[in-house]
Amino acid sequence: MMAKAAGEHVGMIAIVGLDETAVERIRGEASQHGKLWVANRNADVQFVLSGEMPAVQEAERLALAAGARRALILTIPLAAHTPLMEAAAAAFRKAVDRLPLKAPSIPILANASGEALRTVAALQDELRQQMLRQVDWARTMVSMRAMKVRTVVELGPGRVLASLAAKHLPGVDTWNAEELFIDYTGPTTA
């Protein structure tokens, strides 16, 4: 699925240290060089833009010129959370439609809105749109704070979101799922 959306002509850039207004201005200017969207709002001053590589590269130049603390083109050859993911998203929707989902027994937070998903229909809609919708981790953290979440486990590589949760949610324990798995080589014989 992801191979359908990957390529040298698309990419993502993390911008740290500029507010949403500045990042939106940069996105607008860089969009003159190609399609570009805000893919992630991770915190008030941490965003990820995603789109065509010439626009991503221009956004890097503009962000650094605007005084960003960091502007890093990610080593992910995708335009995640944008309409450019439509081919992969269509295949993913078909897979989601075949899943035997049940209503969650605990609230599952939508990463696009931060709202709790409590029905099969809401969960299915969130999953079906996952590749195309902007991620709003900042809003999700507001919901987690209101719910008094005490543990955050990040799925996927790295600890970016878990680290942000640790910074913004007082007293929260954070983990990456990879840290929770124990290597098991089988029983040993004496």
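Out of everything in the range 125-184 that is part of a strand (DSSP E or B) and among the hydrophobic types (A, V, I, L, M, F, W, C), what residue ends up being nearest to Gly114 (Cα to Cα)?
Top of the filtered list is Val135.
Are there any pairs with C-beta distances below 8 angstrom linking a residue in the range 115-131 that is crowded, with 16+ Cβ neighbours inside 10 Å to a residue that is among the charged types (D, E, K, R), with the two at least 6 apart or on different chains, and if so which?
Filtered contacts from the range 115-131: Leu117/Glu126; Gln124/Asp97; Arg128/Arg93; Arg128/Asp97.
Among the residues of the range 55-76, write down those that are over 18 Å from the mean Cα position of the chain (by Cα), surrounded by fewer than 15 Cβ atoms within 10 Å (Cβ to Cβ), in a loop (DSSP other than H, G, I, E, B) and at negative phi.
Arg69
State which residue pairs qualify: first residue more than 23 Å from Asp136 (Cβ to Cβ) and inside the range 80-100, second residue outside any helix (DSSP H, G or I) in any location, beta carbons under 7 Å apart, and separation of 6 or more residues or different chains.
The qualifying pairs are Ala87/Ala5; Ala91/Met1.
Bear in mind that the values in this text are calculations on the coordinates, not laboratory data. Just so you know, these numbers come straight off a predicted model, no measurement behind them. Neighbour counts run over all protein chains shown; Cβ positions are idealised from the backbone, glycine included.
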